[in-house]
Amino acid sequence: MEAEVNKIAVTPMTSVPFGQRPWEEQPRKVRPSGSFKLPAILVLLFCTLIASILISVSLGAIHVPVSAIAAAAFAHHPLSETQRTILLAIRLPRVFASALVGAALAIAGLMFQGLFRNPMADPYIIGASGGAAVGACIGIVLFAQWSIFGFSAAALLAFLGSLATMAAVYFLARARKRTSGVTLLLAGFAVGTMLSNSTYLFEIFDSNPEAGHRVVAAWLHGVIAVPQWKQLAVSSILLALCAFSAYPLMRRLNTLALGDEYAHQLGIRVETTRILVILVGSLLTAIAVSLGGLIGFAGLIVPHVARLLLGPDHVRLLPVTALAGAIFLVIADTMARTLFAPTELPVGILMAFLGGPFFLYLLRRNKREYAL
Amino acid sequence: MTPILDLTNVGFRYAERSVFEGISLALQEGSCTALAGPNGVGKTTLLRVAAGTLPATSGRVLLQGQAPATMSLKQRSRLVALVPQQLDIPFDFTVEQIVEQGRSPYLGLLRGMMPEDRRAVDRALNLADVSGLRSRIFNELSGGERQRVKIALGLAQEPKLLLLDEPTQNLDIGRQVELIDLLHYLRDEGIIVLASIHDLHLIHHNFSFVHLMGSDRSLISGIPKDVLTPEQIASAFNCALGRRSLSMEATGVHSGRGFQ
């Protein structure tokens, strides 16, 4: 046996200098580019977010210059009463809402893409949109005057509807104590489509067809309403909780990329992880839906672009997608309300026009990634 | 001494189809064991049962004297690593990111990669001779390179028992020899190896022990010289003895059954 080893050990190794054994420690190479840049990227994104919020707040029917806002904040030059009201009661809540929606959708998209090992997954992939649509319709048509915790009935029911649908889809897809990705996708598609189409029934029974229909239609295309501060506070707390609990799940999503069986072999509780990812992702989607209706593409594109630029490590992608999603939606919503002022475009429609072509461009540029 | 892996009369069946029955084998410290047998005889399934990722449907499996079901997932995954034949990776993960996943059994809820985990990853990359590929994208590697990255992934787990499912597939003769070389090194390091291998020549010269699973559900165990006899190979693989030797001499190719 000894002779055997000696005989073969002299074979030159491909990436090792001749005569050096591969298992001898070699000098460490520099860390792959990118890992040291993360804090810089986060700082940059954070500054961009602040800047886009300031600019967005200043724009609108009545222009409030950024300099005036800064003067009011730091130099005690108070704004006029009108300006104050516009900023605090209308624009700031809406801009904050769009930032929350963007961050929530982007994180949810990242989680679902990681879970389904598929870059085409989005936050609505397992039927959230259908449940949310039904909930919002009930709220808009039947309980238009209600409000709880600053949530309108539509927002609250959309929130509950999307959560309930995703729970139902999960349990429908579950068999023999486990779930397969494909079954989840198919069940989500079927349930989501059924529920989305059932919203038509509400239009039939609507006593005030014109107004109700318009509200429902806008909601289905995604319009960020002006929320009450109370609703914003509840939503931000939920978002913070979700983002925090998403962090330990991100490393598990990296491991799940090796496949369920390999992840199990590496000591990961696959089914528990799957349930937690779906739970946190559903909560995030529900937050977004309750603030802005059904906004497509944001949850698909933001994580996707971030992955193209930074690589697929979910741990690093989490803060980046959250900030980038917030920026993306603040800008998109500002454009939606100012582009054709005084008419307002649903932000979801703008997103489709911006996001669709961009997404197709990515699809054409980077073909190899799309294998199921 | 408790064997690291002890299978007694182990069988596995899917709902209606039995894959194998009555397999008994034990792996001792310091052994480098091969698993041979024809396609579809259940070598991969046996490795998965041994790794504890599939529960045996009959018989008894013991890992270092303990039933896999009674061990915690992390405890088990620090003891056994199974390197599968196929590894499908979505997204553009780099080799280093893939191999880092092998440290999962050592990480906690919020505890990330520590210096000792980095060292283990570096060592695994060096051992499998893929440290030069660390920032390459896994999905862009050749079959042979992927094979070595998978072995690095298994080594990053720092297991006592390393199960390899056809580790020489996709490797050219030079890389096969390097792999065997690595197995010898691992054995000297105290890692016990069980590998399913199709190349009987490699087994004959390089493994201390071989288990030959026959298509008639027999299991012959012993040192390669005793197990890999022409008669036993013929019966296990169900092919005729004394067949004309496979040669590519001109006559055979041109007389009728050549490329039409």
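The values are calculated or read from the model by the stated rules, or taken from the named source; none is laboratory data. Just so we're clear, the structure is a prediction, and the values are computed from it rather than from any experiment. Please note: Cβ atoms are built from the backbone with ideal geometry, for glycine as well, and neighbour counts cover all protein chains shown.
Is segment A:176-187 home to any residue that is surrounded by 17 or more Cβ atoms within 10 Å (Cβ to Cβ), under 16 Å from A:LEU220 (Cα atoms) and under 20 Å from the mean Cα position of the chain (by Cα)? Scanning segment A:176-187 turns up no residue that is surrounded by 17 or more Cβ atoms within 10 Å (Cβ to Cβ), under 16 Å from A:LEU220 (Cα atoms) and under 20 Å from the mean Cα position of the chain (by Cα). Quick one: in segment B:203-213, of everything that is buried (at least 22 other Cβ atoms within 10 Å of the Cβ) and over 16 Å from B:VAL41 (Cβ atoms), which residue is modelled with the lowest pLDDT? Out of the qualifying residues, it is B:ASN206.
In contact with a Phe, Trp or Tyr (Cβ under 7 Å, 6 or more places away or on another chain), among the small types (Gly, Ala, Ser) and surrounded by fewer than 22 Cβ atoms within 10 Å (Cβ to Cβ): is that true of A:ALA352 in this structure? Give the steps one after another, and end with the answer.
On the way: in contact with a Phe, Trp or Tyr (Cβ under 7 Å, 6 or more places away or on another chain): yes; among the small types (Gly, Ala, Ser): yes; surrounded by fewer than 22 Cβ atoms within 10 Å (Cβ to Cβ): yes.
Judged against the criteria, A:ALA352 is a match.
Just one of the listed residues (B:GLN101, B:GLN86) is more than 7 Å from chain A (Cβ to nearest Cβ) and either within 21 Å of B:GLY52 (Cβ to Cβ) or touching a strand residue (DSSP E or B) at 6+ places or on another chain (Cβ under 8 Å) (or both), namely B:GLN86.
Can you report the number of residues in segment B:89-98 which are part of a helix (DSSP H, G or I) and within 7 Å of another protein chain (Cβ to nearest Cβ)? Full working, then the answer.
First, pick out the residues of segment B:89-98 that are part of a helix (DSSP H, G or I): B:95-98.
Subsequent filtering for residues that are within 7 Å of another protein chain (Cβ to nearest Cβ) retains B:96-97.
Qualifying residue count, segment B:89-98: 2.
Tallying residues that are surrounded by fewer than 24 Cβ atoms within 10 Å (Cβ to Cβ) and of a type in the set (A, V, I, L, M) within segment B:78-97 yields 3. Taking the conditions (1) free of Cβ contacts under 8 Å to residues at least 24 places away in the same chain; (2) part of a helix (DSSP H, G or I) in turn, A:LEU258 satisfies each one other than (2).
Given the criterion modelled with pLDDT of 90 or more, under 21 Å from A:ALA136 (Cβ atoms) and more than 14 Å from every other protein chain (Cβ to nearest Cβ), identify the matching residue among A:LEU239, A:LEU294. Quick ask: steps written out before the conclusion?
On the way: A:LEU294 fails: modelled with pLDDT of 90 or more.
Only one candidate qualifies: A:LEU239.
Selection of segment A:246-261 for residues being modelled with pLDDT of 90 or more and under 25 Å from B:THR70 (Cβ atoms) yields A:ARG252, A:THR255.
So is B:ARG111 surrounded by fewer than 23 Cβ atoms within 10 Å (Cβ to Cβ), more than 7 Å from chain A (Cβ to nearest Cβ) and outside any loop (DSSP other than H, G, I, E, B) or not? No.
Taken as a whole, segment A:247-259 holds at least one residue that is touching a Phe, Trp or Tyr at 6+ places or on another chain (Cβ under 7 Å) and within 14 Å of chain B (Cβ to nearest Cβ). When segment A:139-160 is limited to residues that are more than 13 Å from A:VAL215 (Cα to Cα) and at pLDDT 80 or above, the one that is surrounded by the most Cβ atoms within 10 Å (Cβ to Cβ) turns out to be A:ALA158.
The residues on offer are A:VAL30, A:VAL57, A:VAL43, and the sole one that is more than 15 Å from A:VAL95 (Cβ to Cβ) and modelled with pLDDT of 80 or more is A:VAL43. For A:GLY267, the conditions (1) closer than 30 Å to B:ARG103 by Cα; (2) surrounded by 24 or more Cβ atoms within 10 Å (Cβ to Cβ); (3) over 14 Å from the mean Cα position of the chain (by Cα) are fulfilled apart from (2). Each residue in segment B:50-97 was checked for being within 19 Å of the chain's Cα centre (by Cα), at negative phi and touching a residue at least 40 places away in the same chain (Cβ under 8 Å), and 17 pass.
Within segment A:261-271, is even one residue among the polar types (S, T, N, Q), free of Cβ contacts under 8 Å to residues at least 40 places away in the same chain and more than 7 Å from chain B (Cβ to nearest Cβ)?
Filtering segment A:261-271 down to residues among the polar types (S, T, N, Q) leaves A:265.
Next, only the ones that are free of Cβ contacts under 8 Å to residues at least 40 places away in the same chain stay: A:265.
Next cut, more than 7 Å from chain B (Cβ to nearest Cβ) only: none.
Within segment A:261-271, none of the residues are among the polar types (S, T, N, Q), free of Cβ contacts under 8 Å to residues at least 40 places away in the same chain and more than 7 Å from chain B (Cβ to nearest Cβ).
Within segment A:72-88, being at pLDDT 80 or above, more than 21 Å from A:LEU345 (Cα to Cα) and among the hydrophobic types (A, V, I, L, M, F, W, C) holds for one residue alone: A:LEU88.
Using the structure shown, decide if A:ARG364 is within 14 Å of chain B (Cβ to nearest Cβ) and either in contact with a Pro (Cβ under 6 Å, 6 or more places away or on another chain) or part of a helix (DSSP H, G or I) (or both).
In short, no.
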